[in-house]
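Visitor: I'd like to ask you about the structure that follows.
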Amino acid sequence: MPMIKVLLVDDERAFVETMVKRLRKRGLELHTAFGGQEALALLDADDTIEVVILDIRMPGMDGMETLKEIKGRHPLAEVIMLTAHATVESGIEGMRKGAFDYLLKPCDIAQLLDKVNEAAEHRRLHQEKIFKARIQTITLRQP
(Lines give C-alpha, C1' and ligand atoms only; values in the text may rest on other atoms or scores of the structure.)
Protein backbone atom coordinates (compact mmCIF):
# COMPACT_ATOMS: atom_id res chain seq x y z
CA MET A 1 0.00 0.00 0.00
CA PRO A 2 1.43 3.43 -0.92
CA MET A 3 2.29 5.95 1.78
CA ILE A 4 -0.73 7.98 2.90
CA LYS A 5 -0.44 11.68 2.13
CA VAL A 6 -1.86 13.77 5.00
CA LEU A 7 -2.36 17.50 5.50
CA LEU A 8 -2.40 18.62 9.15
CA VAL A 9 -4.14 21.97 9.65
CA ASP A 10 -3.88 23.67 13.04
CA ASP A 11 -2.87 27.14 14.23
CA GLU A 12 -0.98 25.76 17.27
CA ARG A 13 2.59 25.37 15.99
CA ALA A 14 3.84 23.28 18.94
CA PHE A 15 0.97 20.82 18.44
CA VAL A 16 1.69 20.61 14.70
CA GLU A 17 5.42 20.00 15.24
CA THR A 18 4.73 17.24 17.78
CA MET A 19 2.09 15.54 15.62
CA VAL A 20 4.29 15.69 12.51
CA LYS A 21 7.09 13.86 14.34
CA ARG A 22 4.72 11.26 15.77
CA LEU A 23 2.88 10.59 12.51
CA ARG A 24 5.98 10.55 10.29
CA LYS A 25 7.46 7.88 12.58
CA ARG A 26 4.38 5.82 11.70
CA GLY A 27 4.98 6.07 7.96
CA LEU A 28 2.70 8.92 6.88
CA GLU A 29 3.71 11.64 4.44
CA LEU A 30 2.88 14.84 6.32
CA HIS A 31 2.23 18.34 5.03
CA THR A 32 1.22 21.22 7.28
CA ALA A 33 -0.83 24.39 7.18
CA PHE A 34 -1.44 26.84 10.01
CA GLY A 35 -4.81 28.11 8.79
CA GLY A 36 -7.71 27.46 6.45
CA GLN A 37 -6.52 29.61 3.54
CA GLU A 38 -3.07 28.02 3.60
CA ALA A 39 -4.66 24.55 3.66
CA LEU A 40 -6.83 25.34 0.64
CA ALA A 41 -3.83 26.68 -1.28
CA LEU A 42 -1.91 23.44 -0.57
CA LEU A 43 -4.86 21.29 -1.65
CA ASP A 44 -5.33 23.37 -4.81
CA ALA A 45 -1.65 22.80 -5.63
CA ASP A 46 -1.60 19.07 -4.79
CA ASP A 47 -4.69 16.95 -5.41
CA THR A 48 -2.90 13.79 -4.25
CA ILE A 49 -3.37 14.72 -0.57
CA GLU A 50 -5.74 12.04 0.68
CA VAL A 51 -6.58 12.96 4.26
CA VAL A 52 -6.86 16.31 6.01
CA ILE A 53 -6.65 16.47 9.80
CA LEU A 54 -8.39 19.76 10.53
CA ASP A 55 -8.65 21.74 13.76
CA ILE A 56 -12.04 23.37 14.30
CA ARG A 57 -10.99 26.46 16.26
CA MET A 58 -8.59 28.63 14.29
CA PRO A 59 -8.39 32.40 13.86
CA GLY A 60 -9.65 33.77 10.56
CA MET A 61 -11.20 30.95 8.58
CA ASP A 62 -12.30 28.38 11.17
CA GLY A 63 -12.41 24.63 10.68
CA MET A 64 -16.08 24.47 9.69
CA GLU A 65 -15.62 27.10 6.97
CA THR A 66 -12.46 25.35 5.82
CA LEU A 67 -14.25 21.98 5.74
CA LYS A 68 -17.02 23.43 3.58
CA GLU A 69 -14.46 24.87 1.13
CA ILE A 70 -12.42 21.66 1.04
CA LYS A 71 -15.45 19.51 0.26
CA GLY A 72 -16.62 22.00 -2.38
CA ARG A 73 -13.25 22.19 -4.15
CA HIS A 74 -11.78 18.75 -3.37
CA PRO A 75 -14.70 16.40 -2.73
CA LEU A 76 -12.52 13.28 -2.61
CA ALA A 77 -10.32 14.63 0.19
CA GLU A 78 -11.30 12.95 3.46
CA VAL A 79 -11.37 15.28 6.46
CA ILE A 80 -10.94 14.27 10.09
CA MET A 81 -12.03 17.08 12.40
CA LEU A 82 -9.91 17.52 15.53
CA THR A 83 -10.74 19.78 18.46
CA ALA A 84 -10.17 20.39 22.14
CA HIS A 85 -13.52 22.18 22.33
CA ALA A 86 -15.90 19.44 21.25
CA THR A 87 -19.63 19.60 21.45
CA VAL A 88 -22.16 17.15 20.09
CA GLU A 89 -23.49 19.96 17.90
CA SER A 90 -20.12 20.73 16.29
CA GLY A 91 -19.55 17.02 15.68
CA ILE A 92 -22.92 16.66 13.98
CA GLU A 93 -22.35 19.82 11.96
CA GLY A 94 -18.94 18.61 10.79
CA MET A 95 -20.28 15.21 9.74
CA ARG A 96 -23.20 16.88 7.95
CA LYS A 97 -20.73 19.04 6.02
CA GLY A 98 -18.82 15.98 4.87
CA ALA A 99 -16.21 15.23 7.55
CA PHE A 100 -15.08 11.60 7.61
CA ASP A 101 -14.83 11.58 11.39
CA TYR A 102 -14.41 13.72 14.50
CA LEU A 103 -11.82 13.27 17.28
CA LEU A 104 -11.04 15.08 20.54
CA LYS A 105 -7.69 16.67 21.39
CA PRO A 106 -5.52 15.35 22.80
CA CYS A 107 -6.28 12.23 20.80
CA ASP A 108 -4.79 8.82 21.15
CA ILE A 109 -2.19 8.50 18.37
CA ALA A 110 -3.24 4.91 17.61
CA GLN A 111 -6.88 5.98 17.26
CA LEU A 112 -5.91 8.88 14.97
CA LEU A 113 -3.75 6.57 12.87
CA ASP A 114 -6.65 4.11 12.55
CA LYS A 115 -8.95 6.92 11.40
CA VAL A 116 -6.36 8.18 8.88
CA ASN A 117 -5.99 4.66 7.47
CA GLU A 118 -9.78 4.23 7.23
CA ALA A 119 -10.17 7.63 5.57
CA ALA A 120 -7.42 6.92 3.03
CA GLU A 121 -8.94 3.51 2.20
CA HIS A 122 -12.37 5.16 1.76
CA ARG A 123 -10.91 7.73 -0.63
CA ARG A 124 -9.01 5.10 -2.62
CA LEU A 125 -12.14 2.95 -3.02
CA HIS A 126 -14.10 5.99 -4.16
CA GLN A 127 -11.37 6.90 -6.68
CA GLU A 128 -11.36 3.32 -7.98
CA LYS A 129 -15.14 3.41 -8.53
CA ILE A 130 -14.81 6.67 -10.46
CA PHE A 131 -11.98 5.23 -12.56
CA LYS A 132 -14.00 2.10 -13.39
CA ALA A 133 -17.04 4.19 -14.30
CA ARG A 134 -14.93 6.31 -16.66
CA ILE A 135 -13.44 3.21 -18.32
CA GLN A 136 -16.93 1.77 -18.75
CA THR A 137 -18.17 5.03 -20.29
CA ILE A 138 -15.26 5.10 -22.74
CA THR A 139 -15.78 1.43 -23.62
CA LEU A 140 -19.51 1.97 -24.24
CA ARG A 141 -18.81 4.88 -26.60
CA GLN A 142 -16.59 2.81 -28.87
CA PRO A 143 -18.32 1.42 -31.99
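The values are calculated or read from the model by the stated rules, or taken from the named source; none is laboratory data. All values derive from a computational prediction rather than experimental measurement. Ideal geometry is used to build each Cβ from the backbone, glycine not excepted, and the neighbour counts take in all protein chains shown.
Visitor: Run G98 past the list (1) touching an Asp or Glu at 6+ places or on another chain (Cβ under 6 Å); (2) within 29 Å of K129 (Cα to Cα); (3) of a type outside the set (A, V, I, L, M) and report the number of the one that doesn't hold.
Guide: Every listed condition holds for G98 apart from (1).
Visitor: Of all the residues that make up segment 85-103, how many are under 15 Å from the mean Cα position of the chain (by Cα) and either farther than 21 Å from E69 by Cβ or in contact (Cβ under 8 Å) with a residue 60 or more places away in the chain (or both)?
Guide: Count: 0.
Visitor: Within segment 116-129, restricting attention to residues that are touching a residue at least 24 places away in the same chain (Cβ under 8 Å) and surrounded by fewer than 17 Cβ atoms within 10 Å (Cβ to Cβ), which residue is nearest to T18 (Cα to Cα)?
Guide: Quick first cut of segment 116-129, residues touching a residue at least 24 places away in the same chain (Cβ under 8 Å) only: 116-117, 119-120, 122-124, 126-127.
Subsequent filtering for residues that are surrounded by fewer than 17 Cβ atoms within 10 Å (Cβ to Cβ) retains 117, 122, 124, 126-127.
Details: N117: 19, H122: 26, R124: 27, H126: 31, Q127: 31 Å.
Looking at residues that are touching a residue at least 24 places away in the same chain (Cβ under 8 Å) and surrounded by fewer than 17 Cβ atoms within 10 Å (Cβ to Cβ), I get N117.
Visitor: Hey, among E65, E38, which residue is part of a helix (DSSP H, G or I) and either more than 16 Å from the chain's Cα centre (by Cα) or within 26 Å of R124 (Cβ to Cβ) (or both)?
Guide: E38
Visitor: Right, something else. Considering every residue within segment 120-133, establish whether at least one is among the hydrophobic types (A, V, I, L, M, F, W, C), in contact with a strand residue (DSSP E or B) (Cβ under 6 Å, 6 or more places away or on another chain) and assigned to a helix (DSSP H, G or I).
Guide: Initially, segment 120-133 is screened for residues among the hydrophobic types (A, V, I, L, M, F, W, C), giving 120, 125, 130-131, 133.
Then drop every residue that is not in contact with a strand residue (DSSP E or B) (Cβ under 6 Å, 6 or more places away or on another chain), which leaves 120.
Next, from what is left, pick out any that are assigned to a helix (DSSP H, G or I): 120.
The answer is yes, given that some residue of segment 120-133 is among the hydrophobic types (A, V, I, L, M, F, W, C), in contact with a strand residue (DSSP E or B) (Cβ under 6 Å, 6 or more places away or on another chain) and assigned to a helix (DSSP H, G or I).
Visitor: When the residues of segment 68-115 are filtered to those that are exposed (fewer than 15 other Cβ atoms within 10 Å of the Cβ) and among the acidic types (D, E), which remaining residue is modelled with the lowest pLDDT?
Guide: E89
This table checks each residue for (1) in contact with a helix residue (DSSP H, G or I) (Cβ under 8 Å, 6 or more places away or on another chain); (2) among the β-branched types (V, I, T); (3) on the phi < 0 side of the Ramachandran plot.
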{"residue": "R13", "(1), (2), (3)": "no, no, yes"}
{"residue": "V20", "(1), (2), (3)": "no, yes, yes"}
{"residue": "K25", "(1), (2), (3)": "no, no, yes"}
{"residue": "V52", "(1), (2), (3)": "yes, yes, yes"}
{"residue": "L67", "(1), (2), (3)": "yes, no, yes"}
{"residue": "H74", "(1), (2), (3)": "yes, no, yes"}
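Visitor: Go over the candidates L82, L113 one by one and state the one that is part of a strand (DSSP E or B), in contact (Cβ under 8 Å) with a residue 40 or more places away in the chain and not charged (D, E, K, R).
Guide: So the residue among L82, L113 that is part of a strand (DSSP E or B), in contact (Cβ under 8 Å) with a residue 40 or more places away in the chain and not charged (D, E, K, R) is L82.
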